[in-house]
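Structure first, commentary second.
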């Protein structure tokens, strides 16, 4: 903001400090300084003052499954302080908040500490020719605009007319003074100098690694400022940087065939610094969608996949973040070669193992970024077969012991399980153990882990792996069942459904607590969805005479079963579970007789007639009829319903093999226990079985 006074200018600037993440209150705190400068006509400072401040932004509805990119965009649009931050920093802050990580992120548009350390190290190890030239005056923070202009003019002369050594000295000095924001702005406005830097970057692309590093240091710093993006576009620095990345990787291939192992390692170590700066610049300018599309058209992804093989953690982190940003844009997805990226992530990223060294935190961050990229891919169903082909879940299993990755792992597994047609790939013991540990721990992930386990438990092999856990003993399962049945909402409902699925494949785990089942049914008589799971558990365990007698001895329980079967407001699934329960109990004569005294046959017949289009209910009712036929009292009650025998005969000729087989079993049992029925059903059974042939004969007779 500038005043109209010709003699002085008033400039105020917003300098963002750190962003503190506070998971307890689901909020972030943005620290910033407001600085006011009064400058004379020569840009000399007459007065300067600053005031620190902060703003707290709350996100009460954020969860680990929230989309950080969307939340960040909304926050930036509504908060002026965040508009001065890099979008990537805000996204990272929101991502850490969603993950529950209490950290403090530097929001200033400056280079990361690791890059600054790399610059310092390079300066201390650089050859004598890389130090500042004596003819190149050193800038002081209080230097005037004229001093800077003079310096830049001299630098332009040295770059144009000096030898390679003088050029490198000059570039080193320019890189040093560009660390001051005011000087950087003057460099950008000096178009001849910018053109010279671009020309020299092309000139030294294959001949002078140190010169390229110095030039890219300046360009990379410029890329951190949104206001300077137009300058980068005007000089086509993005395209030039991408071209430089391609060239450098090609040079590495040539060097590998000519250098000794020691020389090659030394060269790659220096080259990594240049690649780090280049990828950082490309990442910064990729916030602009049009710039990103241009990079896609010039093949940005191939070199990014290649550099994932490097042993430089900063390069890996930047490359993964850029790949994820590209993959998040729907218009880019058709051009993302996920079949090449997925194996690269598995082989080059998931190979890292964090130790207790000072690199552990950075390695964990790289692994987490790799998981985030896989999470992004998991939204696309066409990628899931590629996951299986490349044994992604085997690699994921090796990461399950790293506690810092647990939230990212669970988030990925949730989304993958949501879109997977089968759960064969999830049959990894360490993955199952991770989910069980998270589901039984008191943390924010336990509900999501429960949901994943509930889905996996529908797979026989996964269910067996879950049941083999030391946590899932019959005693513990009983206690889980009692707890979840007493609080049938939220995660308790999920746990109850999980127990029901485990009972399907591991019925031994749900034996021995019939009293708890009866109590749970009575307590939840008005909760139809909970009753579905409770009755399912009751009928999955092996039914013997003792269990059957116990159930029918509980009069309130029997009355509940009757009321469910007789009510037209009951859920079809609940009535199906009750029919399955009755089928298992009436195997035994005494319990069957007691149930018939309560009119159970009539009510099962009612369910059969009501849902004549539901294959599952029809088949299960037929099986129940088969059990009824085996006992005199229930058989008499069944055959008293003439419409039932006709319906069973009709089903005996069904094209559905399961339905016809079950119906014929009922008819065969009926003939076995009552020979008088053999003659009664012979003709209608024949007609039902040969109805197509009979219809053809009837048509031919009509024509004649």
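Of these, 445, 459, which one is at pLDDT below 90, under 22 Å from residue 364 (Cβ atoms) and out of contact with any strand residue (DSSP E or B) (no Cβ under 6 Å at 6 or more places or on another chain)? Explain how you work it out, then say what you get.
Details: 459 fails: under 22 Å from residue 364 (Cβ atoms).
Exactly one of 445, 459 is at pLDDT below 90, under 22 Å from residue 364 (Cβ atoms) and out of contact with any strand residue (DSSP E or B) (no Cβ under 6 Å at 6 or more places or on another chain), namely 445.
With respect to residue 501, is the statement that it is under 27 Å from the mean Cα position of the chain (by Cα) and more than 20 Å from residue 423 (Cβ to Cβ) true? Steps first, please.
On the way: under 27 Å from the mean Cα position of the chain (by Cα): yes; more than 20 Å from residue 423 (Cβ to Cβ): no.
Here the answer is no, as residue 501 does not meet what is asked.
Considering every residue within the range 250-257, establish whether at least one is buried (at least 16 other Cβ atoms within 10 Å of the Cβ) and in contact (Cβ under 8 Å) with a residue 60 or more places away in the chain. No: zero hits.
This table checks each residue for (1) assigned to a loop (DSSP other than H, G, I, E, B); (2) closer than 26 Å to residue 383 by Cα; (3) touching a residue at least 12 places away in the same chain (Cβ under 8 Å).
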position: 401; (1), (2), (3): yes, yes, yes
position: 406; (1), (2), (3): no, yes, yes
position: 412; (1), (2), (3): no, yes, yes
position: 417; (1), (2), (3): no, yes, yes
position: 431; (1), (2), (3): no, yes, yes
position: 435; (1), (2), (3): no, yes, yes
position: 438; (1), (2), (3): no, no, yes
position: 461; (1), (2), (3): no, yes, yes
position: 464; (1), (2), (3): no, no, yes
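Rundown of residues vs (1) surrounded by fewer than 20 Cβ atoms within 10 Å (Cβ to Cβ); (2) more than 20 Å from residue 431 (Cα to Cα); (3) touching a helix residue (DSSP H, G or I) at 6+ places or on another chain (Cβ under 6 Å), yes/no style:
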{"residue": "456", "(1), (2), (3)": "no, no, yes"}
{"residue": "460", "(1), (2), (3)": "yes, no, yes"}
{"residue": "469", "(1), (2), (3)": "yes, no, yes"}
{"residue": "519", "(1), (2), (3)": "yes, yes, no"}
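All of (1) within 33 Å of the chain's Cα centre (by Cα); (2) part of a helix (DSSP H, G or I) hold for residue 550 with one exception: (1). Among the criteria (1) farther than 21 Å from residue 243 by Cα; (2) not in a helix (DSSP H, G or I), the one residue 224 does not fulfil is (1).
Against the numbered list (1) modelled with pLDDT under 50; (2) surrounded by 14 or more Cβ atoms within 10 Å (Cβ to Cβ); (3) more than 19 Å from residue 209 (Cα to Cα), residue 119 comes up short only at (3).
Residue-by-condition table, conditions (1) part of a loop (DSSP other than H, G, I, E, B); (2) closer than 19 Å to residue 337 by Cβ; (3) in contact with a helix residue (DSSP H, G or I) (Cβ under 6 Å, 6 or more places away or on another chain):
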site	(1), (2), (3)
352	yes, no, yes
361	no, no, no
366	no, no, yes
373	no, yes, yes
383	no, yes, yes
386	no, yes, yes
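Being under 24 Å from the mean Cα position of the chain (by Cα), touching a residue at least 24 places away in the same chain (Cβ under 8 Å) and not assigned by the TED database to the domain that holds residue 70 narrows it down to one of 299, 339, so name that one. Don't jump to the end; show me each part of the working.
Numbers: 299 fails: under 24 Å from the mean Cα position of the chain (by Cα).
Step by step, each of 299, 339 is checked, and only 339 is under 24 Å from the mean Cα position of the chain (by Cα), touching a residue at least 24 places away in the same chain (Cβ under 8 Å) and not assigned by the TED database to the domain that holds residue 70.
The residue list 536, 516, 530 contains one member that is more than 26 Å from residue 606 (Cα to Cα) and either touching a strand residue (DSSP E or B) at 6+ places or on another chain (Cβ under 9 Å) or without any contact (Cβ under 8 Å) to a residue 60 or more places away in the chain (or both), which is 516. Filtering 335, 299, 339, 348 for residues that are on the phi > 0 side of the Ramachandran plot, out of contact with any strand residue (DSSP E or B) (no Cβ under 9 Å at 6 or more places or on another chain) and at pLDDT 90 or above leaves a single hit, 299. Checked against the criteria, residue 485 does not count as assigned to a helix (DSSP H, G or I), farther than 18 Å from residue 571 by Cβ and touching a residue at least 24 places away in the same chain (Cβ under 8 Å). If you scan the range 347-376, which residues turn out to be within 14 Å of the chain's Cα centre (by Cα) and under 14 Å from residue 393 (Cα atoms)? Across the range 347-376, the qualifying residues are 370, 371, 374, 375.
Restricting attention to the range 258-290 and to residues that are within 29 Å of the chain's Cα centre (by Cα) and surrounded by fewer than 18 Cβ atoms within 10 Å (Cβ to Cβ), the residue that is nearest to residue 92 (Cα to Cα) turns out to be 287.
Which count do you get for residues in the range 202-217 that are surrounded by fewer than 22 Cβ atoms within 10 Å (Cβ to Cβ) and part of a helix (DSSP H, G or I)? Please lay out each step first, then the result.
Step one: list which residues in the range 202-217 are surrounded by fewer than 22 Cβ atoms within 10 Å (Cβ to Cβ), which gives 202-210.
Checking which are part of a helix (DSSP H, G or I) leaves us with 202-203, 209-210.
Number of matching residues: 4.
Scanning the range 311-345 for residues that are surrounded by 19 or more Cβ atoms within 10 Å (Cβ to Cβ) and not in a helix (DSSP H, G or I) returns 312, 336.
Only one residue in 107, 72, 81, 102 is modelled with pLDDT under 80, in contact with a helix residue (DSSP H, G or I) (Cβ under 6 Å, 6 or more places away or on another chain) and buried (at least 17 other Cβ atoms within 10 Å of the Cβ), so which one is that?
Working: 72 fails: modelled with pLDDT under 80; 81 fails: in contact with a helix residue (DSSP H, G or I) (Cβ under 6 Å, 6 or more places away or on another chain); 102 fails: buried (at least 17 other Cβ atoms within 10 Å of the Cβ).
Only one candidate passes the filter, namely 107.
Close Cβ contacts (under 9 Å, 6 or more residues apart or on different chains) running from residues in the range 551-568 that are outside the structural domain of residue 596 (by the TED database) and over 20 Å from residue 587 (Cα atoms) to residues that are at pLDDT 95 or above and assigned to a helix (DSSP H, G or I) are absent.
The values are calculated or read from the model by the stated rules, or taken from the named source; none is laboratory data. All figures in this text were calculated on a predicted structure; none of them were measured in a lab. Counting neighbours? That spans all protein chains shown, and the Cβs are built from the backbone with ideal geometry, glycine included.
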